[in-house]
Amino acid sequence: MSPGPARIVVLPGDGTGPEVVREGIKVLRALAEGDGLAWRVEEHPGGAQYYQKTGRELDPETVVAAREADAILLGAVGWPGASLPNGDIAGAALVLGMRQTLDLYANVRPCRLYPGVVHRIGKSYQTVWPSELVDMVIVRENTEGLYTPARGRLRRSDETEVAIDTRVITRKGAERVIRYAFELAQHRTRGAPEDGVKRVTCVDKSNVLEGCRFFRETFDRVGTEYPSIERDYAYVDAFTQWLVRNPEHYNVVVSTNMMGDIITDLASVLQGGMGFAAGGNIGDHHAMFEPVHGSAPKYAGKNQVNPFATFFAVEMLLRWLADRRADPKLARQADRLERAIGTTIAGGTARTYDQGGHVTTSEAGDRVAEAVRAVPA
Ligand code: IPM
Ligand code: MN
């Protein structure tokens, strides 16, 4: 028996965040028409623009709501010129803050190329990587590493002489994200496109950094508990070229926080750009899903950006909830959404500017909502 409708807290945030989130909710509503409401949506303000208006990045009630929610959907945060007195970007409370507060230790970023997606090369749009060669998930540590808030400056009079960021790798932090990656590889039906092998690649800089050596040792220790999964290793610098040249080798990739941040943006190019890149910030008790692209202030209010990353984020959210609540209705909704996204992309009828098309954000949402209605419930 499922315990009533799931409560989804939505944080639209800044810039284009509210525009893409609106389309995500449109698509959720279309899903619900077919098989009844399995969730409840609740929006909360917050972000850099909210900070400029109110002096708060978010309201205390929002933190409580996020903690009590079954899942969170985040748009994007950040606005030019909006920063906190300590220099951090205003709005970070919604991203970095939630990751810490809710202990969302695994940042899970699938990188899959759907047939019909084109790559922008200079000013032309082409098929570069065959879609069957790109199908991996990058798991980024999300609560420590170089993002550990132990940083500061040494000043002489008013002049900064030294700035320090402390990179912390803990046994607990490394172990749980690595275990997440192995569990994911085990549960995913598909192995690497190259050979079908279930493989986890540890991306680090263990030839230089002590924390990375510890991360890799932990990877080996945890990995021995998963004898059916191949262990694979790459230094982060070499990885950036292999990723582009041989994406088919990768199945699940695990890395530390800052390295994971960088390689996932690079990987997004393989899937058609940031317009298609979604991520889940996942912990043992909470999860927050988001398009990775950010607030894109230049496009704010123009109804132009690609909402597909948000559709993928919604799909991830539904799947995570379905698992957690053991609710087959939610799992069916995720399957229907995946099919609707796939057929819409393949049909080429929802190409926004980044794909060389002229479809607007809201039209792309209409196309996917129509496709959802066409998939039998
Ligand atoms: C991301 C973003 C964030 C990060 C920013 C907005 C703080 O780049 O989610 O990848 O650095 O983690
Ligand atoms: Mn990033």
Convex hull per residue volume in Å³, alpha carbons only, for the range 190-303: 149
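Using a Förster distance of 22 Å, how high is the FRET efficiency between Thr166 and Leu84, based on the Cβ-Cβ distance and rounded to 0.05?
Values: r = 20 Å, r/R0 = 0.90.
FRET efficiency, Thr166 to Leu84: 0.65.
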The range 151-220: relative contact order as a whole-number percent, Cα under 8 Å and 6+ apart: 26
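Highest mean first, how do 236-247, 168-179 rank when packing is the count of other Cβ atoms within 10 Å averaged over residues?
Values: 236-247: 15.7, 168-179: 18.9.
Answer by packing, highest mean first, reads 168-179, 236-247.
Give me the percent relative contact order of the chain, please, defined on Cα pairs under 8 angstrom at least 6 residues apart.
Details: 816 pairs, mean separation 87.0, N = 377.
The value is 23 percent.
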Bridge type composition, the chain - antiparallel percent by DSSP, nearest 5: 50
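If eta is 0.890 mPa s and T is 25 °C, what Stokes-Einstein diffusion coefficient results for the range 119-271, Kirkwood Rh from Cα pairs, in µm²/s? Walk me through the numbers before you get to the answer.
Values: Rh = 16.7 Å.
Estimated via Stokes-Einstein, D reaches 147 µm²/s.
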Relative contact order, percent, the range 119-271 [alpha-carbon distance under 8 Å, six or more residues apart]: 33
Computed Rg/Rh of the range 304-363, alpha carbon atoms with Kirkwood Rh: 1.08
Net length gained if the chain between Gln186 and Asn207 were fully extended (0.36 nm per residue, minus Cα distance): 4.7 nm
Normalised alpha carbon radius of gyration of the chain [divisor 2.2 N^0.38 Å]: 0.97
Gyration tensor (alpha-carbon) shape descriptor, the range 276-344, a/c threshold 1.5: oblate
Long-range amide H partners of Phe289 with built H, under 5 Å: Ile72, Leu73, Leu74, Asn281
Cα convex hull of the range 10-135, projected area averaged across orientations, nm²: 11.1
Helix-only [θ]222 nm of the chain, DSSP H runs n ≥ 4, -39500 (n - 2.57) each, per residue, nearest 500: -12000 deg cm²/dmol
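Which entries in Lys198/Lys329; Lys123/Lys302; Lys172/Lys329 show an alpha-carbon gap greater than 27 Å?
On the way: Lys198/Lys329 29 Å; Lys123/Lys302 21 Å; Lys172/Lys329 35 Å.
Check vs 27 Å cut-off fails for Lys198/Lys329; Lys172/Lys329.
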The range 113-136 versus the range 306-341: alpha-carbon centroid distance in Å: 23
Stretch gain in nm, segment Asp195-Lys302, where the contour uses 0.36 nm per residue and the Cα spacing is subtracted: 34.2 nm
Accessible-area composition of the chain, carbon plus sulfur, in percent [1.4 Å probe]: 53
Potential extension, Arg221-Arg7 segment - 0.36 nm per residue separation minus Cα distance: 73.3 nm
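Could you order the peptides 76-84, 248-256, 50-58 from most to least packed, using the average number of other C-beta atoms within 10 Å per residue?
Values: 76-84: 19.7, 248-256: 25.4, 50-58: 16.8.
Final packing ranking: 248-256, 76-84, 50-58.
The values are calculated or read from the model by the stated rules, or taken from the named source; none is laboratory data. Fair warning: this is a prediction, and the values are worked out from it, not measured in the lab. Cβ: placed from backbone, ideal geometry, glycine included. Neighbour counts: every protein chain shown. Accessible surface is based on the protein model in full, side chains and every heavy atom, while ligands, DNA and RNA are left aside. Shrake-Rupley method; radii C 1.70, N 1.55, O 1.52, S 1.80 Å.
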